[in-house]
Amino acid sequence: MPSWRSTRTGPSSCSAPSSILVARDAARLRGAADPIGHETGVAVDVMAADLTLPADLAAVRDRVGEDSGLGFLVNCAGLGPLGPSLHSPAKLYDRMLDLNVRALQTLTFAAARAFAERGGGTIVNVASAVALNPECFNAGYAAQKAFVLALTQGLVAEMGGKGVRLQAVLPGVTRTEFFERAGADIGQIPAEMIMEAHDLVVAALAGLDAGEIVTILSLTDCGDWQAFEAARFRLGPILSHRKPAARYGLA
């Protein structure tokens, strides 16, 4: 369920902060919105939308672009597979791509443009730890989450100096309705691997406040990620040459 909040990092304009919750179930949205509004004192609106439908996605995109009170986007809508890649219905992957990739990119770009024009804002994209370990999960889903990671990292480079912060959050297994809706039994997963949603949110926001671009919630030693990134950046200057490497025997 994507949500937009300007209570943490809002635009520099004088517009009153506003908040929007977006999902398909209007009744559940309102049930969540009322307590948030009472607790924060911020007006909370709801938009019932199915982000796999072009018209619904366009409506949310336009709201993000036009509402000057918005300055914080969380992209956390997601759809999972029904087992291994070739065992899931082919049509499921169309919906997964529409939600996990197309909708996320559309709303990320809309927010990035709008926030830059408004003088600042924050975009949090929820990916998954499987983006870094695709061999352990459904290949299509892992690839989509790798897309989310790459999109976020690429935009950080493109938007330097525009006042827009971006963060990719990479959770592991989290106790949500995700597994039930995918027809999976979360009880089959060792308890020590399952994070509670509240802990995920608190840790993700702590990572954001610490300035992390990529937040890997279960990572105990940040040096491991820094070494991974250093190795990746060392590849940069050698990834495109006129001739193939000599090891292929074509020099």
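The values are calculated or read from the model by the stated rules, or taken from the named source; none is laboratory data. Values in this document were obtained by computation on a predicted structure and should not be read as measured data. Note that each Cβ is placed from the backbone with ideal geometry, even for glycine, and that neighbours are counted across all protein chains shown. With ligands, DNA and RNA removed, areas are computed over all heavy atoms of the protein, side chains included. Shrake-Rupley method; radii C 1.70, N 1.55, O 1.52, S 1.80 Å.
The table that follows gives values for the structure above.
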quantity	calculated
Segment 212-232 versus segment 117-173: alpha-carbon centroid distance in Å	14
Relative contact order (%) - criterion: Cα under 8 Å, at least six apart; region: segment 99-200	28
Interchain or long-range residues, amide H under 5 Å from L73's placed H	R5, T122, I123, V124
Under 5 Å, built H, 5+ apart or other chain: amide partners of D67	none
Long-range HN-HN contacts of T174 with modeled amide H, under 5 Å	M195
Karplus-derived 3J(HN,Hα), 6.51/-1.76/1.60, for each residue of segment 89-106, Hz, glycine and proline x	x, 4, 5, 5, 5, 5, 5, 4, 5, 4, 8, 6, 10, 4, 5, 4, 5, 4
Two-site FRET efficiency, R175 against L239, from Cβ-Cβ distance with R₀ of 35 Å, rounded to 0.05	0.30
Two-decimal Rg/Rh across the chain, once Rg and the Kirkwood Rh are taken from alpha-carbon atoms	0.99
Principal axis dimensions, segment 4-134 - Cα atoms, whole angstrom, descending	52, 32, 29
Accessible area of the chain divided out per residue, in Å², using a probe of 1.4 angstrom	55
Size of charge dipole - the chain - debye, nearest 20, with Cβ of Lys, Arg +1 and Asp, Glu -1, no other charges	980
Helix-derived mean residue ellipticity, 222 nm - over the chain, DSSP H n ≥ 4, -39500 (n - 2.57), to 500	-12500 deg cm²/dmol
Student exercise, segment 78-213 dipole from Lys, Arg, Asp, Glu Cβ charges, in Debye to nearest 20	520
With every protein chain in place, segment 20-66: carbon and sulfur % of accessible area (1.4 Å)	54
